[in-house]
Amino acid sequence: MKHNEMLAMILAGGRGSRLHELTNKVAKPAVGYGGKYRIIDFPISNCANSGIDVVGVLTQYESVILNSYVAAGGRWGLDAKDSGVFVLPPREKADANLDVYRGTADAISQNIDFIDGFGPEYLLVLSGDHIYKMDYDKMLSYHKEHNADATIAVIEVPMKEASRFGIMNTDEDGRIIEFEEKPPQPKSNLASMGIYIFNWKLLRKMLVADMKNTESNHDFGKDIIPALLADERKLMAYKFKGYWKDVGTIDSLWEANMDLIEAPSPLDLSDPTWKIYTEDTNSLPQYIGEDAKISHAYINQGCVIEGEVRNSVLFTGSRIAPEAKIIDSVLMPNVIVEEGAVVTRALIADGVRIGAGAVVGSPDSEHIELISKRVKGDE
Amino acid sequence: MNSALGIINFASNHTKVTGLQDYRSVGAISFLGRYRVIDFPISNFSNSGMENIHVYTRWKPRSLAEHLGTGRQYNINSKRGRLHLLFAEDELDSLYSNDISAYMDNIEVIENSCHDYVIVASSCMIFKQDFKELLDQHIESGADITLLYHSTDNAKEQFLTCQTLELNRQKGVLSITPNRGTAKNRQIFAGTYVMRRDLFIDMIKKAHNTSAMYSLMDWVNLMCNEMDIRGVAHRGYFGSITDFKSYYDTSMSLIDLKTARSLFDPDWPIYTRTSDSCPTQYLEGADVKASVISNGCRIEGTIDHSILSRGCIIKKGAVVKNCVILPDVVIGEDTVLENVVVDKHVRINHIKEVKGTPEHPGYVKRGDHL
């Protein structure tokens, strides 16, 4: 493969506190999604499928599991010569104190030496929080065609929701003329997806200046993009059409999982030309019992199902005992539901056991119930 | 520590898995949805800490070579260990094509190995065995050769294309003979040999010089009177894939979760190559019972007592009963399949019924469009 023209950096430092107990032990990008994946499998697989060979993952919060997960680059095929997935937590350096990443831009700034080592022409900055399939190579072609200094991927959102996003206002050629973070009166519905391509030389200069600026939040949205616009640089908006979801809350994580059950699903994970890669487990195939009832479900290998599963997503190794019912729910890996238990509109965390006859969640709850501790049954 | 070179033999000339074997070696046949038969012996070696493994193949090697790849999936140390695919140079279907001639073709590789012992395992048997334990037992016994066997009380019905060991009271092997189905209780030979490497090399050369048609088993059988050859019993699940019927029966027997648990031990993982398929989608109308389902399938029909491999599509109204479906098969609407093995990449759209019987299961050829 050719030399690394574009290097990717994934911002994976966020805690994701609105995911509550799910992120007590792992950072948000390591949270499970879709029966077998972790959220970060999506940007890394997109990179691998787009022909990007070097991916830096910027970690910070609860990074042990994320680090060890990401460091095995072979999972995504990124283990050939001159390629790799590199875990980049904040480091102590000779000329600076050990510092946490103070913002998204600072995370890149603190790794300028790492990026320089590969001498890329372009830098792709991604967030590790979103579920989507995207060919970054197409975005790079767009960036080059338009001779842009930076290109930002945008997606059209319903106008009434636009005030929740960072909104790009563009001229008719797609050039960004204004960026507004969560505007009360949005002028457009083009939301930033947190996916940026920069000409590395220019960005490097901006970052060096930003590091010295004591007023700065060291953030791409708040500081770097506005500075580029003030400098009258050419920033282009790259319109993305397709499935894109921020899974920042229990409700939205549940919803994004449910999207996979639909036929046809808005997010097709069975496309052989754009697979999402993840760790493989040495699990058996699914064992479906004599009296099982399964309909409208998305189920991964290693599950043993003897009860009923309806409208639900089951991760690796879940066990559903006879007479147990799983309805409108998401079960993370190795959940055990004992005989006669009923789980409705719930998201059950890794390895939790639901005791015999227990009733969890309710069909008419406003929010999805998160169960992260053992639920005792009628013993 | 004693160490052994692992050798996985190809299927003998007695083995004929009709249909399936036309496209790949027995070791490369899809098994229980997500595995290949050869995953079992390789995982046994890997889990026993034996990381130098020679896999022999003779014809139609593509499927096997593709599946093994670099061998990384078998959890073998990538520097110290190695999974080595070795080819027999003989012509197809030649009478002289047997394991001895394949070992002779590759004798240098065997001679250059640094291990004191070899363990030869079959690529057609499904079982779990700690080879380290077996090696220790062999060394302790002082025997020249140790053979692994499995005792059955069903030899009239099962293992009919397998070999049996005739043992004396001290577990000394008197002979290796075909199972003729004349008695219920038999010791089925598991195709596993343990011996010193220098003895192995010596035997190969002698056998080869004596008759070009001898197989390793023939030679060991001849040596029963001259050498100290002993049997060690295997315990636990044991399945053989030595003909089409035994492939079907062995597959079906593992649909039962209790039986499967006697083979699959969380502390003894069976490794296989991942295909990175997504989970399986069960649509409205799906009705799945008593079955083993792999990832990447889309199910809208009925599945009963069957094994579904990766990437299969079962459309609305289709009924799949007592079947083994290999990867990437499409079963069209309202099609009824019963007691059939359906090979890879088959599409059944126009024919609405394919039925075999439990005694004579049917077979649909690889890539057929019906």
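The values are calculated or read from the model by the stated rules, or taken from the named source; none is laboratory data. Fair warning: this is a prediction, and the values are worked out from it, not measured in the lab. Glycine also receives a Cβ, built like all others from the backbone with ideal geometry; neighbour counts cover every protein chain displayed. Just the protein is used for accessible areas: all its heavy atoms, side chains included, with ligands, DNA and RNA removed. Shrake-Rupley method; radii C 1.70, N 1.55, O 1.52, S 1.80 Å.
Values as computed for the structure displayed
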{"read-out": "Selection from region A:322-360 of residues that are open to solvent by 20 Å² or more (accessible area, probe 1.4 Å) and under 28 Å from the mean Cα position of the chain (by Cα)", "value": "A:Ile327, A:Asp328, A:Pro333, A:Asn334, A:Ile336, A:Arg345, A:Asp350, A:Gly351, A:Arg353"}
{"read-out": "Residues satisfying the stated conditions in region A:150-169, i.e. assigned to a strand (DSSP E or B) and surrounded by fewer than 18 Cβ atoms within 10 Å (Cβ to Cβ)", "value": "A:Glu156, A:Asn169"}
{"read-out": "Search result, residues across region B:248-301 that are more than 7 Å from chain A (Cβ to nearest Cβ), over 30 Å from B:Glu157 (Cβ atoms), of a type in the set (D, E, K, R) and in a loop (DSSP other than H, G, I, E, B)", "value": "B:Asp267, B:Arg273, B:Glu300"}
{"read-out": "Selection from region A:255-281 of residues that are surrounded by 14 or more Cβ atoms within 10 Å (Cβ to Cβ), of a type in the set (Gly, Ala, Ser) and facing chain B (nearest Cβ under 10 Å)", "value": "A:Ser265, A:Ser270"}
{"read-out": "Whichever residue in region A:299-338 is outside any loop (DSSP other than H, G, I, E, B), more than 10 Å from every other protein chain (Cβ to nearest Cβ) and among the aliphatic types (A, V, I, L, M) and, among such residues, is farthest from B:Tyr35 (Cα to Cα)", "value": "A:Ile327"}
{"read-out": "The one condition in (1) part of a strand (DSSP E or B); (2) surrounded by 21 or more Cβ atoms within 10 Å (Cβ to Cβ) that A:His296 fails to fulfil", "value": "(2)"}
{"read-out": "Lone unmet requirement of (1) surrounded by 15 or more Cβ atoms within 10 Å (Cβ to Cβ); (2) within 26 Å of B:Phe264 (Cα to Cα) for B:Arg235", "value": "(1)"}
{"read-out": "Tally, over region B:7-47, of residues that are assigned to a strand (DSSP E or B) and either more than 12 Å from the chain's Cα centre (by Cα) or within 14 Å of chain A (Cβ to nearest Cβ) (or both)", "value": "6"}
{"read-out": "Residue check, A:Leu284 within 12 Å of another protein chain (Cβ to nearest Cβ), of a type in the set (A, V, I, L, M, F, W, C) and within 21 Å of A:Glu369 (Cβ to Cβ)", "value": "no"}
{"read-out": "Residue that is assigned to a helix (DSSP H, G or I) and either surrounded by fewer than 19 Cβ atoms within 10 Å (Cβ to Cβ) or out of contact with any Pro (no Cβ under 7 Å at 6 or more places or on another chain) (or both), where the choices are B:Glu108, B:Glu89", "value": "B:Glu108"}
{"read-out": "Single unsatisfied condition, A:Ser252 versus (1) open to solvent by less than 20 Å² (accessible area, probe 1.4 Å); (2) in a helix (DSSP H, G or I)", "value": "(1)"}
{"read-out": "Identity of the residue in region A:27-52, closer than 16 Å to A:Ala72 by Cβ and open to solvent by 10 Å² or more (accessible area, probe 1.4 Å), that ends up nearest to the chain's Cα centre (by Cα)", "value": "A:Arg38"}
{"read-out": "Flag for B:Val336 being modelled with pLDDT of 95 or more, over 28 Å from the mean Cα position of the chain (by Cα) and open to solvent by less than 70 Å² (accessible area, probe 1.4 Å)", "value": "yes"}
{"read-out": "Any hit, region A:135-156, residues being aliphatic (A, V, I, L, M) and at pLDDT below 95", "value": "no"}
{"read-out": "Hits in region A:308-321 (condition: open to solvent by 10 Å² or more (accessible area, probe 1.4 Å) and of a type outside the set (D, E, K, R))", "value": "A:Asn311, A:Thr316, A:Gly317, A:Ala321"}
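Okay, residues lined up against (1) in a loop (DSSP other than H, G, I, E, B); (2) among the charged types (D, E, K, R); (3) open to solvent by 70 Å² or more (accessible area, probe 1.4 Å):
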residue: B:Met104; (1), (2), (3): no, no, no
residue: B:Cys114; (1), (2), (3): yes, no, yes
residue: B:Val118; (1), (2), (3): no, no, no
residue: B:Glu133; (1), (2), (3): no, yes, yes
residue: B:Ala155; (1), (2), (3): yes, no, no
residue: B:Arg169; (1), (2), (3): yes, yes, yes
